1. Could you give the angle, 0 to 90 degrees to the nearest 10, between helix 522-534's Cα long axis and the longest principal axis of the Cα atoms of the chain?
2. Tally Lys and Arg at +1 and Asp and Glu at -1 over the other residues with C-beta under 10 Å from the C-beta of residue 164: what net charge comes out?
3. From the phi of every residue in region 494-499, what ³J(HN,Hα) in whole Hz does the Karplus formula 6.51 cos²θ - 1.76 cosθ + 1.60 yield, where θ is phi - 60° and glycine or proline is x?
4. Using θ = phi - 60° and the Karplus curve 6.51 cos²θ - 1.76 cosθ + 1.60, what whole-Hz ³J(HN,Hα) does each residue of region 80-91 get, with Gly and Pro shown as x?
5. Under a straight-distance cross-link criterion of Cα-Cα below 25 Å, which lysines are reachable from residue 337, leaving out those fewer than 8 residues away in the same chain?
6. Give me a comma-separated list of calculated 3J(HN,Hα) values for region 227-234, in order, Karplus coefficients 6.51, -1.76, 1.60 applied at θ = phi - 60°, integers in Hz, x for any Gly or Pro.
7. Determine the sum of side-chain charges near residue 247: Lys and Arg each +1, Asp and Glu each -1, restricted to other residues whose C-beta is under 11 angstrom from that of residue 247.
8. Charges on Cβ only, +1 for Lys and Arg, -1 for Asp and Glu, centred on the Cα centroid of region 165-386; of 354, 300, 285, which one is farthest towards the dipole's positive end?
Amino acid sequence: MMPSVTHSAGAADAALDADVVVVGAGFAGLYMLYRLRALGMRAIAFEAADDVGGTWYFNRYPGCRCDVESLMYSYSFSEELRRSWTWSERYAPQAEILAYLRHVAERFDLRRDIRFSTRVVSAVYDEGRNRWQIATDRGEQVAARFCVMASGCLSVPRKPGIPGVDSFAGEWYHTGQWPAAGVDFSGKRVGVIGTGSTGLQLIPQVAKQARHLYVFQRTPAYSLPAKNRPLGPGDSAEFNAAYGTLLETMRHSLTGTLHVMKDQSVLATAPEERERICERLWNEGGAGLMYYFNDIAVDAAANEEIARFVRRKIKETVKDPATAQALTPTEYPIGTKRICIDIDYFETYNRDNVTLVPLAHDPIEKITAHGLRTAHGHYDLDCLVFATGYDALTGALLQIDIRGAGGESLRDKWQAGPRTYLGLGTAGFPNLFLVTGPGSPSVLSNMVVSIEQHVDWIADCLKALHDRKLNRIEPRAEFEEEWMNHVNEIAGHTLFVRAASWYMGANIPGKPRVFMPYLGGVGVYRRKCAEVAADGYRGFDLASVD
Ligand code: FAD
Ligand code: N01
C-alpha cells in the first residue's frame with residue numbers, strides 16, 4: 001500500500017494525515033504498528049505515557065508481575081524476537097516485562113511512529129471524507145482512514161469516591177499510576193485499600209518494609225499460590241523445542257494458555273480422587289485448578305467443592321482463626337471474580353506488623369487528613385495505597401469523545417452497556433476497530449494471545465479491503481444484536497453473573513451491570529472470527545466511498 005502520512009513533528013497545531021491512527025502503545029498498539037508497517041500502511045500511534053509498555057509502564061508497584069506464565073505471556077509473531085529474549089522467572093516481574101516491550105519497540109524500530117505524552121481526546125468520523133478526525137490534548141489534529149483503539153482494558157485507574165478521599169495529608173498512591181522512582185515504606189504506617197489481584201501482589205511486599213501495614217478489605221479474595229521459580233536455560237529450550245504445538249494449543253484453548261480443560265466433572269469425581277487432583281494442582285501453582293474440571297464455572301455445587309478446598313488452605317495457612325475467617329471468601333463462587341495468583345499472601349497475615357481490617361462489619365466512614373476512619377475506630381497512617389482497580393473494558397474508550405456516522409456519540413450508544421460485533425467494532429462507527437474490545441474474550445484470556453489474534457484479524461481485514469479496492473467497513477446492527485445476544489446467553493449459563501465483579505461493571509457506581517467479556521473461549525472465538533473473514537467479512541457492510 002502507498003504511504004500517506006505527512007509529518008511535521010513537534011508543531012502542536014500541525015495537521016497530519018495517516019492511513020491509520022492507533023491509540024495506545026502497550027502490547028496491542030506495538031504489534032498493531034508492526035503489522036501496519038508490514039502492510040506498507042502509514043500509521044501514527046498516540047500514547048499518553050512517555051514510553052511504550054501500557055500496563056507494564058504504569059503498574060510499577062512492588063510485587064507486580066504477570067500471572068500467566070511468562071513463556072506464554074509473550075508475542076508469538078517473530079521467532080527472531082522469541083529467540084532474542086529469555087525470561088528469568090516463571091512469572092516475570094513488571095520491570096522485566098516492561099524491558100521486553102522496550103526491546104520489542106527497539107528491535108522493530110517502532111518508536112518513530114509513536115507520539116508519546118499525548119492523549120487522544122476525541123475521534124470524530126467525517127462522513128464526507130470517510131476519515132477519522134483525531135484530536136489530542138496537545139492540539140494536534142490527524143485525519144486517518146482507519147482508527148484502531150489499542151487503549152487497553154485496564155488502563156483507567158479508579159480511586160473510589162470515599163468521603164474525604166482528597167483530604168489525606170500523607171503520601172498516597174494508586175497502584176496503576178505508581179511512581180517510576182519507587183516508594184520507600186520503611187518505618188511508615190501504611191494503609192492498603194483493596195484486595196484484588198493487585199492488592200494480593202502488593203501486600204506481602206509492603207509488609208516487608210512498613211512499620212505497620214493495615215489492609216482494608218471489603219471482599220475477601222480466592223487466591224491460588226503462584227509457586228513462582230527461576231527459569232533456567234532448560235525451560236526456554238524445552239518450550240522452544242515444542243513451540244509450534246504449544247502455540248496451537250494456546251490459540252485453540254479456552255483461555256489462551258496451556259491449561260486444557262478435561263472432560264471431567266467435579267461432582268462425578270470421587271472425593272478422594274478430587275482431593276488428590278486439587279492437591280496436585282495447588283502444588284503445581286498458578287491457575288491450573290480453575291481449568292481442570294469442566295463444571296466449575298457452570299455448576300454451583302461443583303464450584304462449591306473447589307471453593308471449599310481453597311478455603312481450607314486459607315485456614316491451614318493463617319494462624320489467627322479470626323483473621324483466617326475474615327480472609328475466607330464465601331459470598332461468591334470461586335473464579336467469578338478474577339482468580340488471584342499470589343506469593344505468600346495469606347502467610348503475610350502471620351506477621352506481627354500486619355493487621356487485617358475487614359470492612360464487612362466495620363465499613364470505612366471517611367478518609368481523614370491523618371488516616372482512615374471506620375465505623376469502629378481511626379487508623380493513623382503515613383501512606384495510603386489504593387489498590388482499587390480500574391474502569392475496566394470501556395473506561396479508556398469512553399474517556400475519548402468518539403463520534404461516528406451522523407455524529408452519534410459512543411458514550412450515548414453504550415449508555416446501557418457496550419455493544420459490539422465480535423468485540424472488534426461497533427455499528428454506526430465505520431472504520432473503527434477495537435483491540436480486545438468488550439464482547440471478545442479479552443480479560444478472560446491470556447491477553448497476548450488475544451491481542452495478537454485481534455491485531456492479525458484487523459491487519460488482514462485492512463489488506464482485504466485494499467485488495468478489493470474498498471475503504472469503508474462497518475458492523476451491521478443486526479449482526480451486532482445477534483452477537484450481543486450470544487455473549488449474554490453464554491454468560492447467563494455460567495456462575496459469572498452471580499458476582500459483583502468488574503467484568504460486570506459492578507466496581508463503578510452507576511456503570512451498567514452487563515457481563516462484558518465473551519465467555520465462549522479463545523479457540524471458539526478465534527474460529528468464529530476466522531469464519532466471518534473467510535465469508536467476505538460476514539456481518540459487516542463494505543464499501544468504496546471515494
Ligand atoms: P495497555 O497495556 O493497557 O495499553 C494501553 C495504552 O493505551 C496505555 O499505555 C494507555 O496510556 C494508552 N491510552 C489509553 N487511552 C489513551 C488515549 N486516549 N490517548 C493516548 N493513549 C491512551 N493479562 C494477562 O493476560 N496476563 C497477565 O498476567 C496480566 N497481568 C496484569 C497485571 C496487571 C497489574 C494489570 C493491570 C493487568 C494485567 N493483565 C494481564 C492485563 C493487561 O492489561 C494485558 O495483558 C495487556 O498488557 C494489555 O495490553 P494493551 O496494549 O491492550 O493495553
Ligand atoms: O482491581 P480489582 P485490581 N472501599 O477491581 C476494593 C488485572 N491484574 O487492580 O471486591 C473498599 O480486582 C475492591 O473490593 P470489592 C486482573 O485482571 C492482574 O486488583 O469491590 N474497597 C477490590 O478488593 C485484575 O482482575 C494481575 O469489594 C474497595 C479491590 O479494591 C485486574 O487487573 C495483577 C473500594 C479492587 O480489585 C484488576 O485488579 C494485578 C472501596 N470504596 C491486576 N473500591 C496479575 O497478577 C474498591 N475496593 C496478573
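Read the figures in this text as sums done on the coordinates, not as results from a lab. Source: prediction; values computed, not measured. Glycine gets a Cβ as well: all are built from the backbone with ideal geometry, and neighbour counts include every protein chain shown.
1. 10
2. Overall, the nearby charge balance is 0.
3. Coupling constants for region 494-499: 10, 8, 4, 6, 8, 10 Hz.
4. 4, 4, 4, 6, 8, 10, 10, 7, 8, 9, 3, 10
5. In chain and number order, the partners are 159, 227, 262, 313, 315, 511.
6. Values per residue, Gly and Pro as x: 6, 5, 7, x, 9, x, x, x Hz.
7. -1
8. Positive-end residue among those listed: 354.
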